[in-house]
């Protein structure tokens with residue numbers, strides 16, 4: 001099973017978490033990391049690569065889309081990073097299974113757009129309180145007509161772009 005991680009970079013908390021998981025279980029399914037920007041702090045990217053996991057920094061658009069299309073699962077390491085938003089909103093993301101792991105709580109700004117959770121096949125929250133907040137938002141927005149992002153007939157990129165757009169408008 002090929003799991004491709006799409007992330008802005010492997011610095012800070014995201015890099016530390018990924019390096020720790022790869023070190024504990026380097027023989028787990030085939031993982032690969034696509035970094036949308038070069039690592040400024042190389043420690044965690046190098047630690048992930050030292051486990052034999054492929055780390056590709058700043059792949060070209062066609063290369064990135066080819067890796068995503070070839071994945072069994074695309075795991076988006078999500079937080080509010082401009083490069084990640086750009087990729088999710090503008091790229092014609094290939095069909096596949098998308099798991100979003102949120103590295104932010106979304107309890108206060110930066111918020112997690114409800115439409116973004118709908119765009120993922122699986123959305124993993126940082127904590128139980130984040131999930132509870134999402135459930136409360138879902139219950140209140142279900143009553144509003146036409147506000148939900150529909151899955152049928154819309155591309156994943158369009159759903160992500162709409163969610164990001166709605167978040168930008170609502171946070172002003």
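Checking each residue in the range 80-106 for being in contact with a helix residue (DSSP H, G or I) (Cβ under 7 Å, 6 or more places away or on another chain) and under 15 Å from residue 9 (Cβ atoms) picks out 85, 103. So, residue 136, is that one loosely packed, with under 14 Cβ neighbours inside 10 Å, at pLDDT 85 or above and either under 13 Å from the mean Cα position of the chain (by Cα) or in a helix (DSSP H, G or I) (or both) or not? When the stated conditions are applied, residue 136 does not pass them. Selection over the range 111-130 of residues that are more than 14 Å from residue 79 (Cα to Cα), in a helix (DSSP H, G or I) and touching a strand residue (DSSP E or B) at 6+ places or on another chain (Cβ under 9 Å) gives a count of 1. Filtered by the rule that a residue be part of a helix (DSSP H, G or I) and surrounded by 13 or more Cβ atoms within 10 Å (Cβ to Cβ), the range 22-42 gives a lone residue, 22.
Scanning the range 88-105 for residues that are under 10 Å from the mean Cα position of the chain (by Cα) and part of a helix (DSSP H, G or I) gives a single hit, 88. A single entry from 108, 66 fulfils the requirement of being free of Cβ contacts under 8 Å to residues at least 24 places away in the same chain, more than 11 Å from the chain's Cα centre (by Cα) and not in a helix (DSSP H, G or I): 108. In a residue-by-residue description of the range 52-72, the property of being in contact with a helix residue (DSSP H, G or I) (Cβ under 9 Å, 6 or more places away or on another chain) and under 29 Å from residue 132 (Cα atoms) applies to no position. For the range 1-21, a residue qualifies if it is surrounded by 22 or more Cβ atoms within 10 Å (Cβ to Cβ) and more than 20 Å from residue 68 (Cβ to Cβ), and exactly one does: 15. If you go through the range 43-56 and pick out every residue that is in a strand (DSSP E or B) and touching a residue at least 24 places away in the same chain (Cβ under 8 Å), you end up with 2.
The values are calculated or read from the model by the stated rules, or taken from the named source; none is laboratory data. Everything numeric in this text was worked out from a predicted model, so none of it was measured. Don't worry about glycine lacking a Cβ; one is built from the backbone with ideal geometry, like all the others, and counts go over all protein chains shown.
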